[in-house]
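Have a look at the structure below, then the notes.
The values are calculated or read from the model by the stated rules, or taken from the named source; none is laboratory data. Bear in mind the structure is a predicted one, so any value in this text is a computation, not a measurement. For neighbour counting, all protein chains shown are included, and Cβ atoms are generated from backbone atoms with ideal geometry for every residue, glycine included. Note: accessible area is taken over every heavy atom of the protein model, side chains too, but ligands, DNA and RNA are not part of it. Shrake-Rupley method; radii C 1.70, N 1.55, O 1.52, S 1.80 Å.
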Amino acid sequence: MPNECPLLADLQLNDFVAELPVFVVEASARTKKDGAPFASYVVRDRSAEVGAVYWEGGPGPNDAGRVAVVEARMGEFRGDPQLTITRIEFVDEPSADLLDRLRAGHDRALQAELVEVLRDCRRDLPPLFWAIFEAALRADPFDLSGPFWQYAAGRSKHHTGPGELAWHILTMLRLVDGLAPAYPGLDADLVRLAVLCHDLGKLDTYEMTMAGAYYLPREQTVGHTFYSMARVSAAIAALRAQGQEIDPSDEENLLHCLASHHGRREYQAVAEPATPEAHALHALDLLDSRDRGDINFDRLV
């Protein structure tokens, strides 16, 4: 069944599918005009993410984060694609074939290339800066089964597959070498450290399921930027407690880079870039996000 069904991105207006596997990213209860409940969903597979409605009742308390097979017709709501679901069945033990439809696989060649980028960074970065990153990550950065190599960097806008947090960070890191020679006043090592740390808070605000990533409530109420800054602050405090001397101006600039990496306050930046290193981090993040997927500037993640 999974290999015979079209993917979400292949469905056209009014197409009907009797058995469509999806991953439920979000589930919320809504009310019709007559007061009857209905379910509003966001669903995805490896090709796309769309809204969906199920008019026959509200969602269950644990629908989000589960795999389902739905009977549905592709429609439209306010100009965006929307599935109208007529039947939904949740799958507690999805098969490997079904999961392949829902999540992107690892690109092993790219992974090996990025491991080399990380090794080069460990060799060239000042040891104290590497220690800050490693302490903020709270894991072995070379453990390919660890969170750095298993998490996504986004839920739907860019780098959404398992392992693409490392892809996003390390492709940005590789760009620093091309940027730095043109700006001799730039502290390239601090930019590299900021690149390594800027999205580590997603390890605290995303949950990786067998089918992909979805937001924990704290991503909306607090945001991953705060958690990235908290990880770095805790790492620096721990290293100081061990006797390491960390320049307060480097600490301030690093935290400012993280706080401002979304660029503008309306894009969820805590502050706007005010140092060359912060401008560089924001530019690299924006470029890599734009290159890898469509950006929603109302919610830059």
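Residue by residue, here is whether (1) within 27 Å of D120 (Cβ to Cβ); (2) of a type in the set (F, W, Y); (3) modelled with pLDDT of 95 or more holds:
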| residue | (1), (2), (3) |
| --- | --- |
| T171 | yes, no, no |
| A182 | yes, no, no |
| D187 | yes, no, yes |
| A194 | yes, no, yes |
| P217 | no, no, no |
| F226 | no, yes, yes |
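Select from region 172-205 the residues that are among the basic types (K, R) and open to solvent by less than 50 Å² (accessible area, probe 1.4 Å) and write down the one among them that is farthest from S249 (Cα to Cα).
Looking at residues that are among the basic types (K, R) and open to solvent by less than 50 Å² (accessible area, probe 1.4 Å), I get K202.
Which of the residues spanning region 235-244 are touching a residue at least 24 places away in the same chain (Cβ under 8 Å) and open to solvent by 50 Å² or more (accessible area, probe 1.4 Å)?
Just the residues of region 235-244 that are touching a residue at least 24 places away in the same chain (Cβ under 8 Å), to begin with: 235-236, 238-239, 244.
The one that is touching a residue at least 24 places away in the same chain (Cβ under 8 Å) and open to solvent by 50 Å² or more (accessible area, probe 1.4 Å): Q244.
For region 10-47, a residue qualifies if it is acidic (D, E) and either under 16 Å from M208 (Cα atoms) or without any contact (Cβ under 8 Å) to a residue 40 or more places away in the chain (or both), and the qualifying residues are D10, E26, D34, D45.
Taking into account only those residues within region 5-28 that are within 19 Å of F90 (Cα to Cα) and among the charged types (D, E, K, R), which is surrounded by the fewest Cβ atoms within 10 Å (Cβ to Cβ)? Per the stated criteria, the residue is E19.
Scanning region 216-229 for residues that are in contact with an Asp or Glu (Cβ under 8 Å, 6 or more places away or on another chain) and touching a residue at least 24 places away in the same chain (Cβ under 8 Å) returns H224, Y227, S228.
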